[in-house]
Amino acid sequence: AELAEKVRMATEAREIVRRASGAPTLDLVLAACRETLVECFDAVGMWLTAFDEHGGATTTSYARGADGEPPFSEIDDVVVRLAHRYWRDQYVAPFSRANAAQPGLPPEDAERLLAFLDRIGIGSVLFVPLGAGGRCHGFLVLTRVSDSRAWTEVERDAALDIGRDLGRAVANARQLERERAVADRLRKLDSYSVEVVNTLGHELRNPLFSMSANLEL
């Protein structure tokens, strides 16, 4: 049964990575994998935050049959710090009221997270860092309504693999976005240079025409 579960998780994880890695933008990366992620881990929802090079972040969420997005920014200071530490340690955190003691998480911060989860109707989460190489690119949180079903070791291992693959997909999407931004700037500069040349040509033609006419006269 454990082998069958590992095979199922590995197959679905490959499908998630295949969908995400071919997407050219971060929004498409997230849209391509969110429903499959939730189904794969038998979760009720998820949220994913991707960091950018300027210290900002982009967050998207998905929940079965739910509208709106909870105010995740309330706990950003806690989870962003944990994401960097857990990527460095290659650790996936199964967090719930019964399993609130996690590495690098002070009791007061654990209570803040639990209060937030209670408010949005979530009883258990699996916190997964995303990254590539030595750099953390964000985090993924998979959610369940209660902690009656614990996150298995197979699920945690599969989630860590997905965190690595999604981290690369996020990094690739960010790089493509930067390249498109550079290309747009170059196109604008090229258009500006053509406009400057045309304007100078027009401004120079008028006095040159007068000079040549006088010379001919």
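Would you check which residues across the range 96-134 are in a strand (DSSP E or B) and not small (Gly, Ala, Ser) and list them?
125, 126, 127, 128, 129, 130
When you scan the range 161-180, do you find a residue that is open to solvent by 70 Å² or more (accessible area, probe 1.4 Å), part of a helix (DSSP H, G or I) and farther than 21 Å from residue 48 by Cα, even just one?
yes
Filter the range 42-95 for residues that are touching a strand residue (DSSP E or B) at 6+ places or on another chain (Cβ under 6 Å), part of a loop (DSSP other than H, G, I, E, B) and under 23 Å from residue 133 (Cα atoms) and give the result.
92
Go through (1) under 30 Å from residue 1 (Cβ atoms); (2) touching a residue at least 24 places away in the same chain (Cβ under 8 Å); (3) open to solvent by 90 Å² or more (accessible area, probe 1.4 Å) and name the single condition residue 153 misses.
So the condition that residue 153 fails would be (2).
Give the residues of the range 63-90 that are of a type in the set (Ser, Thr, Tyr) and either surrounded by fewer than 15 Cβ atoms within 10 Å (Cβ to Cβ) or without any contact (Cβ under 8 Å) to a residue 40 or more places away in the chain (or both), sorted by residue number.
Result: 73, single match.
Mind telling me which of the residues 108, 74 ends up being more than 28 Å from residue 176 (Cβ to Cβ) and touching a helix residue (DSSP H, G or I) at 6+ places or on another chain (Cβ under 7 Å)?
Answer to the check: 74.
May I ask you to verify whether residue 116 is closer than 22 Å to residue 71 by Cβ, surrounded by fewer than 21 Cβ atoms within 10 Å (Cβ to Cβ) and among the aromatic types (Phe, Trp, Tyr)?
When the stated conditions are applied, residue 116 passes them.
Could you please find all residues in the range 1-55 being more than 12 Å from residue 165 (Cβ to Cβ), modelled with pLDDT under 80, surrounded by 15 or more Cβ atoms within 10 Å (Cβ to Cβ) and of a type in the set (Ser, Thr, Tyr)?
36
Please verify whether the range 123-133 includes one or more residues that are more than 24 Å from residue 52 (Cβ to Cβ) and without any contact (Cβ under 8 Å) to a residue 24 or more places away in the chain.
No: the range 123-133 contains no residue that is more than 24 Å from residue 52 (Cβ to Cβ) and without any contact (Cβ under 8 Å) to a residue 24 or more places away in the chain.
The values are calculated or read from the model by the stated rules, or taken from the named source; none is laboratory data. All values reported here derive from a predicted model rather than from experimental measurement. Ideal geometry is used to build each Cβ from the backbone, glycine not excepted, and the neighbour counts take in all protein chains shown. Heads up: the accessible areas ignore ligands, DNA and RNA and are worked out on the full protein's heavy atoms, side chains in. Shrake-Rupley method; radii C 1.70, N 1.55, O 1.52, S 1.80 Å.
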